[in-house]
Amino acid sequence: MDFAKMGGLIPVIVQDEVSKEVLMVGFMNDEAWQRTRQSGFVTFFSRTRNTLWMKGETSGNRLAVRQVLLDCDEDTLLITARREGDGNVCHTGARTCFNTVVMDAGAEEAR
């Protein structure tokens, strides 16, 4: 993986293993990647706190890694994961971090 392109970080898209719903996007550095591989749970690098954090470490809503795919440029990961705990991934308590529609071409065409 090419961590050098973005100053040591790579974007990580997390997708539910069953529904294929996109749950969240975060960043990993090499250390977060190694911890993810060792623990089997998604670990990110927080850009705001400048530290590693395992998703769901305190809430219990962890993301168990099922499969990891690397994109063709080797600078982005897609992780399919099993949701643990109550299954809500977003820090707001929602199932996914993607809840706000800002454009819907289908709705525009229907008018």
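The values are calculated or read from the model by the stated rules, or taken from the named source; none is laboratory data. Model, not experiment: these values are computed from the prediction. Quick reminder, even Gly has a Cβ in these numbers, built from the backbone with ideal geometry, and neighbours come from all protein chains shown.
General remarks:
- Residue tally, condition within 17 Å of Arg49 (Cα to Cα) and not charged (D, E, K, R), over region 3-32: 11
- Positions within region 1-50 being at pLDDT below 95, loosely packed, with under 13 Cβ neighbours inside 10 Å and under 16 Å from Leu69 (Cβ atoms), in sequence order: Asp2
- Long-range neighbours under 8 Å by Cβ, at least six apart or interchain, first residue free of Cβ contacts under 8 Å to residues at least 60 places away in the same chain and small (Gly, Ala, Ser) within region 1-26, second crowded, with 20+ Cβ neighbours inside 10 Å and assigned to a strand (DSSP E or B): Gly26/Val12; Gly26/Val14; Gly26/Phe44; Gly26/Phe45
- Residues in region 24-55 that are among the charged types (D, E, K, R) and part of a strand (DSSP E or B): none.
- The residues of region 56-83 that are part of a loop (DSSP other than H, G, I, E, B), surrounded by 16 or more Cβ atoms within 10 Å (Cβ to Cβ) and without any contact (Cβ under 8 Å) to a residue 40 or more places away in the chain, listed by number, are Gly56, Asn61, Arg62.
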